[in-house]
Structure formats: structure tokens, C-alpha cells
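Only the coordinates and a few stated rules stand behind these numbers; no lab work does. Note that the coordinates shown come from a computational prediction; the quantities given were computed from them, not determined experimentally. Cβ atoms come from the backbone with ideal geometry, glycine included; neighbour counts cover every protein chain shown.
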Amino acid sequence: KEVETQTKLANVVVLATGGTIAGAGASAANSATYQAAKVGIEQLIAGIPELSKLANVRGEQVMQIASESITNDNLLQLGRRVSELADSKDVDGIVITHGTDTLEETAYFLNLVEKTDKPIIVVGSMRPGTAMSADGMLNLYNAVAVASSKEAHGKGVLVTMNDEIQSGRDVSKMINIKTEAFKSPWGPLGMVVEGKSYWFRLPAKRHTMDSEFDIKNIKSLPDVEIAYSYGNVDDTAYKALAQAGAKAIIHAGTGNGSVSSRVVPSLQALRKDGVQIIRSSHVNAGGFVLRNAEQPDDKYDWVVAHDLNPQKARILAMVALTKTNDSKELQRMFWEY
Ligand SMILES: NC(=O)CC[C@H](N)C(=O)O
């Protein structure tokens, strides 16, 4: 009977990449001062015996780094491993443990390029496992719960933090010291409570099975960079990034993605030289940039990132540029994904 119930459990693979969820501090009082990416995945799984009631869980250490150091090559390596596992008959769901600093970028990347309807859940924590009220254990338990659930199929890449199920496309790290760090401007998709998921809404944007991008066809990612805007800004960073070979520059603009009059002429010139200019906003709670509002995008042949923050806009621009360098096509993609 025991064997029978065991075989009915979903097979979930946890791909570990590092971050605070694998962090360790000197004492239980160290919630903010600790080293990320220290604890191996076997030890993390062994620390949560309750996982074996949810799924047949096995771990794989893909890398062991703090996520601010993740490169495009790391993204491709992780994306390819996820794709291999998703293609495997004996894998039902995939969890990725990740540092929280760039978790929103990796989750969005996978959401765009993985051709599967199997659940892919990206999870991190705000406190290391050695701290009082560590959040990693429950976040990982919730990730495995969602990864092994039938309802999570076809909903794109998801993030489970702070009991919430968020869309990997929408979610962003909004504060760096609280366990309620991850928010979406459009709200969570659901909740996980005691290992059971409760859904309230669905993602509206194209993802995974419905995406025109496929990790299997992406050999490398082009150079896309971000320039931050603020009072007294000038064009130095934009020109330097283009000089260094950026194929597209994400304008991390103020407000509506507005552009300083000291910067506009240089961005027009860069566009004439072939660099794609993509206007986004760095406002905290989520930007909303519209074409020809603030700047005449049609006239300058610029693209708007709409609600994607600058770091997510970088991800979509890189993936999009593997297919096209046509600014109209890029803009279509920025509306659809
Ligand atoms: N809370 C975290 O995971 C942050 C730790 C580290 N900076 C990282 O992103 O990997």
C-alpha cells in the first residue's frame, strides 16, 4: 500500500543555483549579515522531511552563486537544463532555488523560452536557513507543492514567496529587508496554504507553450544594457554602452519613461546607427509606458517597454533580438509578452 501511494506522487526536480535560500550566517540573529550560496541542495532537501509527502523530490546543484553575479551564459545553461528535464517523461515539475536579487529576471526568461506546460517554479528566501524565522523552508515547501499540483500546468513560470503564487512575468523584488519582498503591480495569482494551492487569476500574456521563443533555438544572447535616468543626467552612459557594443539600450526612465532633453539627441543618433532604444520606467510600484506619450516614439523609431521594468525589459529585448532586429516587431513583442 505504501509503495502504491509513493508511485502516485509527482516527480519533482529541484535545480539549485544558490542565493540566500542556500545561505548561512554566524548566528540565528543574523538575518541580514550572512553569506549567500553556501548550503548544498541535498542538505536543503534533507532539512524538510515533509517534502516526501508532497512529491518524489530529487535535487541537482546547477551552480552555487549569489544571483547578482548571474551571467547570460548562466541563464542559458539553466534554461537548457530546465528544457531537458521538462522533456523527460519521468519529470512532472521543476523547482529552481535562486537568489532573490535577479530572481525576477530568470523567472521571466524561463517564462519566455521554455516549451512546456509542466510547472516551473522559481523560489528564493529573504533570510538564510540559519536565521530565526527563516522563510526558505516554507517557500521551498510551497514551491514543491505547486510544482507537483495538476492546477499549476500551463500557467507559465511561477514564483512562490511569502505564501503567494506570483506570475514569473509580473513579479518583482520590491523591498530588500522584508519577507514580503516580492510583489506584482497586478497582484498574485494565488496562495499556497499547508501545501495546497488556491488560484484566483491567470496570466494574460503569452508564455511557454504559446511563446514564439524556444531555448533550443537560442545559441547566445545579444548584448542589451540599461542606462538609469535621474535629474541632471547626461548622455555619457548611453554613448559608452553603445560604444561597447550594446545592440539595444533600455532607458530606465523617470516617471512615464520620460527622457531628459540633454539625452534625446544622442538617443536619436544612436537609433540612426542601428541601436534599438527601449523606453521603460524605474518607478517603484511598476511603470506604465505608452507609445508617443512623453516622447514621439513613431518619429524616432523607438520602442516602449510598457509595464516591464528595466531589468525585465532587458530580458525580453535579448530574447526578441535573437529573432528580429525590426523595431516594429520588437514593439509587437513588448505588447504581447
Ligand atoms: N535574498 C537573497 O537571495 C539575496 C542574496 C543574494 N544577493 C542573491 O541574490 O543571491
Binned Cα-Cα distances of the chain, short to long, each 10 Å bin given as a whole percent
6, 26, 32, 22, 10, 3, 0, 0
Find out how many positive minus negative residues lie around Glu225, taking Lys and Arg as positive, Asp and Glu as negative, among other residues whose Cβ is under 13 Å from that of Glu225.
+2
Give me Asp214, Asp297, Asp273 sorted ascending by neighbouring Cβ count inside 10 Å, so fewest comes first.
Asp273, Asp214, Asp297
Choose one answer from Ser167, Ser149, Ser125: the residue with the largest mean-square fluctuation in a GNM of the chain with alpha-carbon springs under 10 Å.
Ser149
When the charge dipole of the chain is computed with +1 at the Cβ of Lys and Arg and -1 at the Cβ of Asp and Glu, the Cα pointing farthest to the positive end, of Ala248, Leu112, Ala32, is that of Ala248
Of Lys115, Lys53, Lys173, the one that fluctuates the most in a GNM where the chain has Cα springs shorter than 10 Å
Lys53
Evaluate the relative contact order of the chain (contact order divided by residue number), counting alpha-carbon pairs under 8 angstrom at least 6 apart; express in whole percent.
14 percent
Out of the DSSP beta bridges found with both residues in the stretch 188-337, what percent are antiparallel (nearest 5)?
30 percent
Under 12 Å, Cβ to Cβ, from Val193 - net charge with Lys/Arg +1 and Asp/Glu -1
-2
Helix-only mean residue ellipticity at 222 nm for the chain, each DSSP H run of n ≥ 4 adding -39500 (n - 2.57), per residue, nearest 500
-8500 deg cm²/dmol
Too long for a 26 Å Cα-Cα cut-off, among Lys173/Lys323; Lys118/Lys247; Lys115/Lys150, are Lys173/Lys323; Lys118/Lys247
Gaussian network model of the chain, Cα springs within a sub-10 Å range: biggest mean-square fluctuation belongs to which of Gln243, Gln61, Gln77?
Gln243
Please work out the Kirkwood hydrodynamic radius for the stretch 135-223, using every pair of different C-alpha atoms, and report it in angstroms with one decimal place.
14.2 Å
Folded to 0 to 90 degrees: helix 72-87 orientation relative to the chain principal axis, Cα
50 degrees
If you rank Ser229, Ser83 by fewest surrounding Cβ atoms within 10 Å, what's the result?
Ser83, Ser229
One finds the C-alpha centres of the stretch 248-262 and the stretch 46-102 to be spaced, in Å, by 35 Å
Exposure proxy check on Met209, Met191, Met318: fewest-to-most Cβ neighbours within 10 Å is Met209, Met191, Met318
Each label sits 7 Å from Cα toward the beta-carbon; between Thr71 and Lys216 the label points are separated, in nm, by 2.7 nm
